[in-house]
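Single-structure report; data block below.
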Amino acid sequence: MLVLYPELEQKELIDQSNTTLLPLIRKIRQVFEDHFDRTWFAIIIDGLPIDFRTIRMIRELVGLQSIHVGDEWFIYQAVVELSRFSLLIRKFLLPVLKERLGVSGLIPHRIVRDRTQYILRRFVAYTFPFNLERLEALTAELRTQLLDTFPTLEPPA
């Protein structure tokens, strides 16, 4: 098929991106800011092999208000970093989450003594896996939509 006006096709792709990708990015922003971009979270991931660049790229992704020509490459890289972030959290934090939050019965001398803090941290420990699953599902959905719109982003296998 011969494309006479590639700039029109590109504009249509960007318009489509703004209607399909931005709502997903907003959902990711909500989950990320509510559950992962918090002070308490920064404290419990201290020492884990998470690169500052990863967090920076995720913050830049969730801060997008509109998509322009060329942003698809950044979004793809940010999705890769978001996937890496989820994998590292699942591998290194989930198995020791209660211990890091100070609510594990396995280490009784490190249990948080403040009753309110204990209840809040137990709630976080209980809901955290679900919130991580939500972040992973939204990331996968964003990746699928992105590659449906810009199939050339996927490196050959």
If I take R0 = 30 Å and measure r between the Cβ atoms of ASP34 and GLU154 in this structure, what FRET efficiency does the formula 1/(1 + (r/R0)^6) give, to the nearest 0.05? 0.50
Debye, to nearest 20: dipole size of the chain, +1 on Lys, Arg Cβ, -1 on Asp, Glu Cβ: 1240
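Just to confirm the filter: which trypsin sites (Lys or Arg not before Pro) across the stretch 53-144 are DSSP coil and have at most 11 other Cβ within 10 angstrom of their Cβ?
Numbers: sites: ARG53, ARG56, ARG59, ARG84, ARG90, LYS91, LYS98, ARG100, ARG110, ARG113, ARG115, ARG121, ARG122, ARG134, ARG143; in loops: ARG113.
Filter output for the stretch 53-144: ARG113.
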When THR139, THR116 are arranged by how many other beta-carbons sit within 10 Å of their Cβ, fewest first, they go THR116, THR139
In degrees, nearest 10, the alpha-carbon axis of helix 71-88 is tilted away from the dominant principal axis of the alpha carbons of the chain by 20
Compute the angle between helix 6-35 and the longest alpha-carbon principal axis of the chain, please, reported from 0 to 90 degrees and rounded to the nearest 10. 10
Report the relative contact order of the chain, percent, no decimals, based on alpha-carbon pairs under 8 angstrom and at least 6 residues apart. 33
Would you mind ranking SER17, SER86, SER104, SER66 so that the residue whose beta carbon has the fewest other beta carbons within 10 Å leads the list? SER66, SER104, SER86, SER17
Compute a Gaussian network model of the chain, connecting alpha carbons closer than 10 Å, and tell me which residue from LEU142, LEU106, LEU97 fluctuates the most. LEU106
Could you sort the peptides 126-132, 30-36 by per-residue average Cβ neighbour count (10 Å cutoff), highest mean leading? 30-36, 126-132
In the neighborhood of LEU138, defined by Cβ-to-Cβ distances under 11 Å, what is the net charge if each Lys or Arg adds +1 and each Asp or Glu adds -1? +2
Using only the alpha-carbon atoms of the stretch 40-102, report the extent along each of the three principal axes, biggest first, to the nearest angstrom. 46, 19, 15
Tell me the mean residue ellipticity at 222 nm calculated for the chain from its helices only (DSSP H runs of n ≥ 4, each -39500 (n - 2.57), averaged over every residue, nearest 500). -22500 deg cm²/dmol
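Quick one: work out Rg over Rh on the C-alpha atoms of the chain, Rh as Kirkwood radius. Before the final figure, lay out each step's value.
Details: Rg = 19.2 Å, Rh = 17.5 Å.
Rg divided by Rh gives 1.10.
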Taking Cα atoms, how many degrees apart are the long axis of helix 52-62 and the longest axis of the chain, rounded to 10 and kept between 0 and 90? 60
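Each value in this text was obtained by applying a stated rule to the coordinates, not by laboratory testing. The structure displayed is predicted, hence computed values, not measured ones. Backbone-built Cβ (ideal geometry, glycine too); neighbour counts: all protein chains shown.
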